[in-house]
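Have a look at the structure below before the remarks.
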Amino acid sequence: MNFEFATAQRILFGPGEMARLPELISGLGNKAALVTGSNAERVGPIFQTLKAAGVEPAAFSVKGEPTVARIAKLAAGARDLGCDFVVAFGGGSVIDAGKAIAALLTNTRDLMDYLEVVGKGEPFTADPAPCVAIPTTAGTGAEVTRNSVLLSEEHGVKVSMRHPKMLPTIALVDPELTRSMPPDVTASTGLDAFTQLLEAFVSKKANPLTDGICREGLKRAARALYKAYIHGDDLAARTDMAFASLCGGLALANAGLGAVHGFAGPIGGMFKAPHGMVCASLLPAATETTYEALKERDPENPAVKKYEEAARLMLQNDAATIGEAITRLKNICTQMFVPGLAECGVKESDFPAIVAKAKNASSMKGSPIQLTDAELADILEQSMHPPVDGDATLYL
């Protein structure tokens, strides 16, 4: 029962909460680094909101995955302009970029000094600047995580800058902002949220508090993902998915992840593919392989019963089995047109490099059992193509 739980200083959740932004930023500073995606139409209103609140905004755009070089450049620009705090408005990549820029506003050494795996992983010497995180997608839960995932193009891998004080000052989660997501983005982000909930639930670092959060998130994602995918303007479904994403972020920040995300970092660094779709393509094989390894080598591990409980939550059926849940995961891949890894450019000859990088990934440390190289390679092999036995019937 000994555990630590950390999250954003304030979390505001619910439809319409975006209207409270002016009052929330009062006192944070006079000049904000407004970190957004590339959609200028969405940026205009929040730019004007900041100006009306008496804050001078300086806009910084992040297109696609934030790279180490790009973040270093943006942070230097924000420092030169005298920005006091950060408002990150966008998807998970934008919020990760905003958190990194907030940290680098006050910690001015070379970015590589702070990066895990490929850098020195050194701690900050100063508290990051305040950061207001406003997600416009429902997937990563980055608004309540303590790290920023950055692409190191030089090393061909995604790595984290991580520190407890990188948790945003304010997480403002308004499900109405997610209603404009197209189906493919809804699928990719929603499947990422689901994967994070499942991996955090069975993680060896899980605790009773994260367990409760995961149970609620899995239940909501199970009932809402298809509705949000098919009916994008369904606010109830969007609210459930936004909450499931928030739960996933809260859980992973405190319990870690597992094999799927252990693979997703290296694959995302080596190949251009949507993170959520990579996770979804790996999820059926990784779940089955991990569960079977536990049953064979560590049957008393609490993760065994957690996988079985997750199956019941996912299928919303008290009699559901893990086998039925694996079938359901394959159906999800078929229904949401999840590509196999081969479509992302992965070849069998890449397996050794991917496995080697995955074993060193921070996410892999949460796996409830250490998988062998052969098991890891088998997960990749099974994930190369969409499942041929997936059922395309929609469950709404």
For the stretch 18-27, enumerate the residues that are crowded, with 19+ Cβ neighbours inside 10 Å and touching a Ser or Thr at 6+ places or on another chain (Cβ under 8 Å). Leu21
Select from the stretch 228-267 the residues that are within 13 Å of the chain's Cα centre (by Cα) and not hydrophobic (A, V, I, L, M, F, W, C) and write down the one among them that is surrounded by the fewest Cβ atoms within 10 Å (Cβ to Cβ). Gly256
Output the residues belonging to the stretch 203-234 that are of a type in the set (A, V, I, L, M) and either within 16 Å of Gly139 (Cα to Cα) or in contact with a Cys (Cβ under 9 Å, 6 or more places away or on another chain) (or both). Ala206, Ile213, Leu218, Ala221, Ala222, Ala224, Leu225, Ala228
Candidates Val55, Val43 - the one that is modelled with pLDDT under 95 and either assigned by TED's automatic domain parsing to the domain that holds Pro135 or more than 26 Å from the chain's Cα centre (by Cα) (or both): Val43
Going through the stretch 273-301 one residue at a time, which ones are more than 16 Å from Asp192 (Cα to Cα) and not hydroxyl-bearing (Ser, Thr, Tyr)? Glu288, Glu292, Ala293, Leu294, Lys295, Glu296, Arg297, Asp298, Pro299, Glu300, Asn301
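Yes or no, residue by residue, for (1) surrounded by 21 or more Cβ atoms within 10 Å (Cβ to Cβ); (2) of a type in the set (Lys, Arg); (3) assigned to a loop (DSSP other than H, G, I, E, B); (4) modelled with pLDDT under 95:
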{"position": "Leu282", "(1), (2), (3), (4)": "yes, no, no, no"}
{"position": "Glu296", "(1), (2), (3), (4)": "no, no, no, no"}
{"position": "Asn331", "(1), (2), (3), (4)": "no, no, no, yes"}
{"position": "Thr334", "(1), (2), (3), (4)": "no, no, no, yes"}
{"position": "Ile379", "(1), (2), (3), (4)": "yes, no, no, no"}
Condition met for Asn360 (touching a residue at least 24 places away in the same chain (Cβ under 8 Å), in contact with a Leu (Cβ under 9 Å, 6 or more places away or on another chain) and polar (S, T, N, Q)): no
In the stretch 68-103, what residues are surrounded by fewer than 21 Cβ atoms within 10 Å (Cβ to Cβ) and within 14 Å of Gly37 (Cα to Cα)? Arg70
May I ask you to list the residues in the stretch 310-329 that are part of a helix (DSSP H, G or I) and touching a helix residue (DSSP H, G or I) at 6+ places or on another chain (Cβ under 8 Å)? Ala310, Ala311, Leu313, Met314, Leu315, Ile322, Glu324, Ala325, Ile326, Arg328, Leu329
Name the helices (runs of 4 or more DSSP H) wholly inside the stretch 1-99 in which the number of residues that are small (Gly, Ala, Ser) is 1 or more. 40-52, 68-80
Any residue at all in the stretch 268-275 that is farther than 30 Å from Arg10 by Cβ, outside the structural domain of Ala138 (by TED's automatic domain parsing), outside any loop (DSSP other than H, G, I, E, B) and among the charged types (D, E, K, R)? no
Per the filter on the stretch 298-311, residues in contact with a Leu (Cβ under 8 Å, 6 or more places away or on another chain) and crowded, with 21+ Cβ neighbours inside 10 Å are Ala303, Tyr307, Ala310
Meets criteria (under 23 Å from Arg79 (Cβ atoms) and not in a loop (DSSP other than H, G, I, E, B)) for Ser188: no
Pairs needed: first member in the stretch 245-267, free of Cβ contacts under 8 Å to residues at least 60 places away in the same chain and within 20 Å of Gly190 (Cβ to Cβ); second member anywhere, among the acidic types (Asp, Glu) and assigned to a loop (DSSP other than H, G, I, E, B); C-beta distance under 6 Å; at least 6 residues apart or different chains. none
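Residue by residue, here is whether (1) closer than 29 Å to Gly232 by Cα; (2) modelled with pLDDT under 90; (3) hydroxyl-bearing (Ser, Thr, Tyr); (4) surrounded by 24 or more Cβ atoms within 10 Å (Cβ to Cβ) holds:
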position	(1), (2), (3), (4)
Leu115	no, no, no, no
Gly121	no, yes, no, no
Ala133	yes, no, no, yes
Ala138	yes, no, no, yes
Ala142	yes, no, no, yes
Ser148	yes, no, yes, yes
Glu153	no, yes, no, no
Pro168	yes, no, no, yes
Among the residues of the stretch 143-167, count how many are over 20 Å from Gly276 (Cβ atoms) and in contact with a Lys or Arg (Cβ under 7 Å, 6 or more places away or on another chain). 6
Could you give me the residue pairs with C-beta distances under 8 Å whose first residue belongs to the stretch 326-346 and is touching a residue at least 24 places away in the same chain (Cβ under 8 Å) and closer than 16 Å to Cys279 by Cβ, whose second residue is surrounded by 18 or more Cβ atoms within 10 Å (Cβ to Cβ) and among the charged types (D, E, K, R) wherever it lies, and which are 6+ apart or on separate chains? Ile326/Glu288
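The values are calculated or read from the model by the stated rules, or taken from the named source; none is laboratory data. Predicted model only: the values in this text are computed from it and were never measured. Quick reminder, even Gly has a Cβ in these numbers, built from the backbone with ideal geometry, and neighbours come from all protein chains shown.
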